[in-house]
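K.L.:
One structure, pasted below without further comment.
The values are calculated or read from the model by the stated rules, or taken from the named source; none is laboratory data. No experiment lies behind these values; they were computed from the predicted model shown. Cβ coordinates were reconstructed from backbone atoms using ideal geometry, including for glycine residues, and neighbour counts include every protein chain displayed. Heads up: the accessible areas ignore ligands, DNA and RNA and are worked out on the full protein's heavy atoms, side chains in. Shrake-Rupley method; radii C 1.70, N 1.55, O 1.52, S 1.80 Å.
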Amino acid sequence: MSLEYVDILDVIVRSNPSNIETVETYAEMILEKHDCIENIDVAPDGVVQYIYPVGKSAIAIGHDLINDPQRYPYIKKAIDERSTVIQGPVEAIQGGKLIFTRKAIFMTENGQERFWGVCVVTINFDKLMANSGITLDDEEYLLALNVPAVEEESDFFWGDSTILTKEAISNPISIGDQEWELFIYPRIGWTDNESNWFGIEAADGLYVQLSIILFIFVLWHLNRYAQQAEAAKVDLLTGTLNKNTFKKYVVRNLKKKKNRQALIIIDINKFKAINDTYGHLAGDRVIKEMAHRLTKVLRGKDLVSRWGGDEFVVYVDDLESQCDIEKIIKRIHREVAHPFQTDEALIQVDISTGYACYPDDGTHYQELYKKADHKMYANKALSEETQYSNFYEI
């Protein structure tokens with residue numbers, strides 16, 4: 001769960017580090033869906049500067065994660081391995097047992113990549129266990145969880161420690177980069193029919209139910225990022241938000257009845273010809289470069305999504321007039337007009353665009369998308385009439 005969300009947070013922050021409003025909107029979305037998520041943090045240079053919602057976590061603002069000896073090993077791992085790193089459950093400075101899912105953010109400036117900071121999704125461990133139905137008050141079974149720590153820290157242990165002296169069933173569970181170990185043991189001990197170490201088959205209905213909760217719930221609910229690439233909520237080729245996540249974000253913003261907003265649909269003309277002529281690897285490089293150029297020319301508050309194939313959709317927020325959207329589209333066309341360098345060739349790319357504005361062209365997502373899509377195809381037809389070719393090798 002937090003593994004996928006921290007990836008999206010990374011994309012949003014990289015698009016514009018100063019646009020806290022976009023981060024807050026995204027935080028509201030996931031907090032509504034999962035009440036076990038405590039908050040979302042952004043820490044430029046490793047220092048926590050933004051927490052949503054703040055509440056009792058205000059004490060953590062200004063916390064220097066890099067100079068905190070209990071946090072630094074995890075931050076260093078996130079930076080060195082460019083991976084999502086989990087710490088916890090631990091006793092947090094804001095109180096309670098929390099699980100911190102962190103990812104290092106890297107920015108590219110003038111062709112050079114540098115460490116920018118850290119984004120964090122925080123999970124309330126007690127709420128997570130309560131939501132799963134796992135409780136230490138079960139009348140028939142002892143339950144426990146052990147989470148190994150890194151470096152010199154102590155392991156985290158939850159549950160009845162006496163279970164470690166018994167013939168409990170244990171099972172390792174991969175949670176991101178961690179290995180958790182779950183234990184279960186009947187309070188009255190194993191019966192003769194349950195003496196097998198793997199005595200699930202002989203166990204009664206409650207045992208089976210608890211096993212499902214312990215071994216399947218955690219695997220499915222917390223580790224599905226590793227099992228389903230789509231769960232990352234980003235397009236794997238370009239790193240932009242995927243269709244569903246993008247749509248949810250826009251729908252949410254439209255409901256706020258804010259200032260003028262717009263959708264821009266961008267389609268690469270004759271993209272199949274690029275694939276056929278130069279190969280699909282060259283086509284993929286064109287798609288990745290297109291995403292990069294769109295992100296570069298748009299404002300920080302705007303979002304880019306690849307909808308598969310050669311189509312991109314852009315959400316533009318807080319426009320003063322229709323002239324603004326026309327200026328943005330002109331910037332997009334100017335940027336795309338520069339040839340695309342691939343290993344195979346230097347390729348000239350042509351695009352067709354269409355847009356629709358809120359509230360002039362509609363107030364709902366589907367209305368805006370259909371009108372923008374209609375304009376895009378009308379412009380594509382016009383382009384194909386006036387140009388005999390939309391790409392060439394230089």
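K.L.:
So how many residues does the stretch 95-128 have that are surrounded by fewer than 16 Cβ atoms within 10 Å (Cβ to Cβ) and in a loop (DSSP other than H, G, I, E, B)?
P.N.:
The initial filter retains those residues of the stretch 95-128 that are surrounded by fewer than 16 Cβ atoms within 10 Å (Cβ to Cβ), namely 95, 106-115, 126.
Now restrict to residues that are in a loop (DSSP other than H, G, I, E, B): 95, 110-111.
The total comes to 3.
K.L.:
Please find, among Ile332, Ile274, Ile351, the residue that is of a type in the set (Val, Ile, Thr) and touching a Gly at 6+ places or on another chain (Cβ under 9 Å).
P.N.:
Ile274
K.L.:
Now, a different point. Within the group Glu167, Glu179, Glu153, which residue is at pLDDT 75 or above, of a type in the set (Asp, Glu) and closer than 30 Å to Asp68 by Cα?
P.N.:
Glu179
Yes/no per residue for (1) out of contact with any Lys or Arg (no Cβ under 6 Å at 6 or more places or on another chain); (2) of a type in the set (A, V, I, L, M); (3) on the phi > 0 side of the Ramachandran plot:
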site: Asn275; (1), (2), (3): yes, no, no
site: Leu281; (1), (2), (3): yes, yes, no
site: Asp350; (1), (2), (3): yes, no, no
site: Ala356; (1), (2), (3): no, yes, no
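K.L.:
For a quick check of your reading of the model, give me the residue pairs whose first member lies in the stretch 357-385 and is more than 21 Å from Lys327 (Cβ to Cβ), whose second is of a type in the set (Val, Ile, Thr) and not in a helix (DSSP H, G or I), with beta-carbon atoms closer than 7 Å and at least 6 apart or on different chains.
P.N.:
Asp373/Ile265
K.L.:
Additional query: Of all residues in the stretch 252-272 being modelled with pLDDT of 90 or more and of a type in the set (A, V, I, L, M), which is farthest from Asp318 (Cα to Cα)?
P.N.:
The qualifying residue farthest from Asp318 (Cα to Cα) is Ile268.
K.L.:
Does Ile329 satisfy being out of contact with any helix residue (DSSP H, G or I) (no Cβ under 8 Å at 6 or more places or on another chain) and surrounded by 15 or more Cβ atoms within 10 Å (Cβ to Cβ)?
P.N.:
Working: out of contact with any helix residue (DSSP H, G or I) (no Cβ under 8 Å at 6 or more places or on another chain): yes; surrounded by 15 or more Cβ atoms within 10 Å (Cβ to Cβ): yes.
Yes; evaluated as a whole, the condition is true for this residue.
K.L.:
Please state which of the following conditions Val314 fails to meet, knowing it meets all the rest: (1) open to solvent by 10 Å² or more (accessible area, probe 1.4 Å); (2) under 16 Å from Cys357 (Cβ atoms).
P.N.:
Failing condition for Val314: (1).
K.L.:
Could you grab the pairs with beta carbons closer than 9 Å, sequence gap of 6+ or different chains, first residue in the stretch 310-329 and more than 17 Å from Asn16 (Cβ to Cβ), second one exposed (fewer than 14 other Cβ atoms within 10 Å of the Cβ) and basic (Lys, Arg)?
P.N.:
Asp310/Lys272
K.L.:
Another question, if that's okay. Take Glu289 and decide whether it is under 20 Å from Tyr355 (Cα atoms), among the acidic types (Asp, Glu) and surrounded by 16 or more Cβ atoms within 10 Å (Cβ to Cβ).
P.N.:
Numbers: under 20 Å from Tyr355 (Cα atoms): no; among the acidic types (Asp, Glu): yes; surrounded by 16 or more Cβ atoms within 10 Å (Cβ to Cβ): yes.
In short, no.
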